[in-house]
Protein chains: 2
Amino acid sequence: MTADASAAPRRAGRPLEMVLSRTRITAAALALITTEGYGGFTMSSLARTLKVAPSALYNHVSSKQEVLQWLEDHVMTMVDVSGFGSEPWDDAMRRWAWSYRDVFARHSPLVPLVAVLPVTGAPETLKMYETVAVGLAGAGVPVETIIPAIVAVESFIFGSALDANAPADIFDTGELADSSPTFTAAVLGQDRSTGERPADVAFQFGLEALLAAVPATRPGPDA
Amino acid sequence: MTADASAAPRRAGRPLEMVLSRTRITAAALALITTEGYGGFTMSSLARTLKVAPSALYNHVSSKQEVLQWLEDHVMTMVDVSGFGSEPWDDAMRRWAWSYRDVFARHSPLVPLVAVLPVTGAPETLKMYETVAVGLAGAGVPVETIIPAIVAVESFIFGSALDANAPADIFDTGELADSSPTFTAAVLGQDRSTGERPADVAFQFGLEALLAAVPATRPGPDA
DNA sequence: ATCCGAAATGACCGGTCGTCATTTCGCGGA
DNA sequence: TCCGCGAAATGACGACCGGTCATTTCGGAT
């Protein structure tokens, strides 16, 4: 369809040389966002880091959305699925879910896009799904519950990724404290003995609840 | 801080009359978004429906974000918390969670904002939290687990609200089907006998899992 | 030597949020 | 009764955004 990863430079001449391609654009976008954040990510700035006019990008990309979708698919490769095939299925899921959440907590603006992005055109994402599906199937999870289980865990992960970016004082009731005594007490009564961030203990709680509900019959590939 | 709900008109004269206020702006924003969707929601269009110049809005609002935050707090009043105090705690939670998801599925662009919005300045949201917290406390849930439980369920709800807007064919693997046989089989093997939408069965699955993990000692206020 | 076509260019468009100096006008105090 | 204060609307404007399009450049194949 569009471009290719290889493409060895032939000479040192100015133009030609496959200046723009899906992989180069994606890499530049990732680098730009890593240093400047999503606020500073514009088609102009992206073109600037690629030493190219903004309009040149549109010879390879149909919209900014598409760049973000490429980026999202690439970011998905950072999710750790190494547990599947080498750990009990639930440990593999834990490793997967935590790293999944961490990655998208760092890329929260991408979260609303995932829901819209079909797996076609997102090969890396599909690869991840396949790995997880194989892991669950291997654990004896019935076929018809694999997708609901994945979707439920994934939804929880996305919501938690957004939550991880919440300011620490988000539940400070301030002057409205006396109109919400029970909630205020609950906020103050959180267990702060362990050093874990509140978002992490909530994620831990929810993840274990979801894993406990997955009907697996076997412990995993080699546990 | 800003404006007030009452404010009775005095005459039919052109100006004066409390043209703009938090409640009127919020109501207009909701009406506009209901008819035009979030894509058509701009400060200009909002001003137009209020028969006012766009810049006039900035005498009452510091940014578009703030309008959206007002809107979000208002939307929260549409969430059904009527179960708390009249049903067993878990039924109340079910009613709450489902309506919560439905409301924000219809207002998914607001989801990324909730994570950032402190409860101060969002009194309706705080009211909802208080009701839920009272319900959980009344069910004997230990104080220190109330917040993690709420946050976990809420994160799951937000993720599911995004997921509910996914296109039906999001998991169509298309031409990449043979590179992901297990996942493709799982997609095809979903239980389609019941008429439920896939997003709904995933939500059902996840919600029950989370509720089962909430350590309640009493059934509820009057069950 | 010539032509083709991929790819970069720069001007340009419509629209966005937000700012600012200025004006309007009702109301309360003298 | 008059006046002036201040809240609130105005419209022009700025900076920037994503995206389009006609034009140009230039390497490689014929």
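The values are calculated or read from the model by the stated rules, or taken from the named source; none is laboratory data. Since this is a predicted model, take the numbers as computed values, not measurements. Positions of Cβ are generated from backbone atoms using ideal geometry, with glycine treated the same way; all protein chains shown enter the neighbour counts. Surface areas here come from the heavy atoms of the whole protein model, side chains and all, with no ligands, DNA or RNA. Shrake-Rupley method; radii C 1.70, N 1.55, O 1.52, S 1.80 Å.
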Name every residue in region A:27-60 that is free of Cβ contacts under 8 Å to residues at least 60 places away in the same chain, β-branched (Val, Ile, Thr) and more than 10 Å from DNA strand C (Cβ to nearest atom), in order of residue number.
A:34, A:35, A:42, A:49
Selection count where residues are of a type in the set (Ser, Thr, Tyr) and either within 18 Å of the chain's Cα centre (by Cα) or under 12 Å from residue B:107 (Cβ atoms) (or both), scope region B:36-84:
3
Filter result (open to solvent by 20 Å² or more (accessible area, probe 1.4 Å), charged (D, E, K, R) and in a helix (DSSP H, G or I)) within region A:82-127
A:90, A:91, A:94, A:95, A:102, A:124, A:127
The condition from (1) closer than 26 Å to residue A:173 by Cβ; (2) under 24 Å from the mean Cα position of the chain (by Cα) that residue B:143 misses is numbered (2)
Consider residue B:136 carefully, then state whether it is under 26 Å from residue B:215 (Cα atoms), surrounded by 22 or more Cβ atoms within 10 Å (Cβ to Cβ) and touching a Ser or Thr at 6+ places or on another chain (Cβ under 6 Å).
no
Residue under evaluation residue B:218, criteria (1) facing chain A (nearest Cβ under 7 Å); (2) modelled with pLDDT under 95, criterion not met:
(1)
If you check residue B:72 against the conditions, is it within 16 Å of DNA strand C (Cβ to nearest atom), in a helix (DSSP H, G or I) and open to solvent by less than 40 Å² (accessible area, probe 1.4 Å)?
yes
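Listed here are the residues, each with its yes/no results for (1) at pLDDT below 90; (2) in the same structural domain as residue B:149 (by TED's automatic domain parsing); (3) of a type outside the set (D, E, K, R).
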position: B:7; (1), (2), (3): yes, no, yes
position: B:13; (1), (2), (3): yes, no, yes
position: B:21; (1), (2), (3): yes, no, yes
position: B:70; (1), (2), (3): no, no, yes
position: B:88; (1), (2), (3): no, yes, yes
position: B:97; (1), (2), (3): no, yes, yes
position: B:112; (1), (2), (3): no, yes, yes
Can you say whether residue B:189 is open to solvent by 10 Å² or more (accessible area, probe 1.4 Å), among the small types (Gly, Ala, Ser), within 7 Å of chain A (Cβ to nearest Cβ) and over 30 Å from residue A:204 (Cβ atoms), as far as the supplied structure shows?
yes
Some residue of region A:197-205 being facing chain B (nearest Cβ under 7 Å), surrounded by fewer than 23 Cβ atoms within 10 Å (Cβ to Cβ) and polar (S, T, N, Q):
no
Just a yes or no: is a residue in region B:166-179 under 25 Å from residue A:164 (Cα atoms), aliphatic (A, V, I, L, M) and not in a helix (DSSP H, G or I)?
yes
Give me the residue from region B:54-103 that is among the hydrophobic types (A, V, I, L, M, F, W, C) and in contact with a strand residue (DSSP E or B) (Cβ under 8 Å, 6 or more places away or on another chain) and, out of that set, farthest from DNA strand D (Cβ to nearest atom).
B:92
Residues (in contact with a Leu (Cβ under 8 Å, 6 or more places away or on another chain), β-branched (Val, Ile, Thr) and part of a helix (DSSP H, G or I)) located in region A:180-223
none
Please count how many residues of region B:155-171 are in contact (Cβ under 8 Å) with a residue 12 or more places away in the chain and facing chain A (nearest Cβ under 8 Å).
9
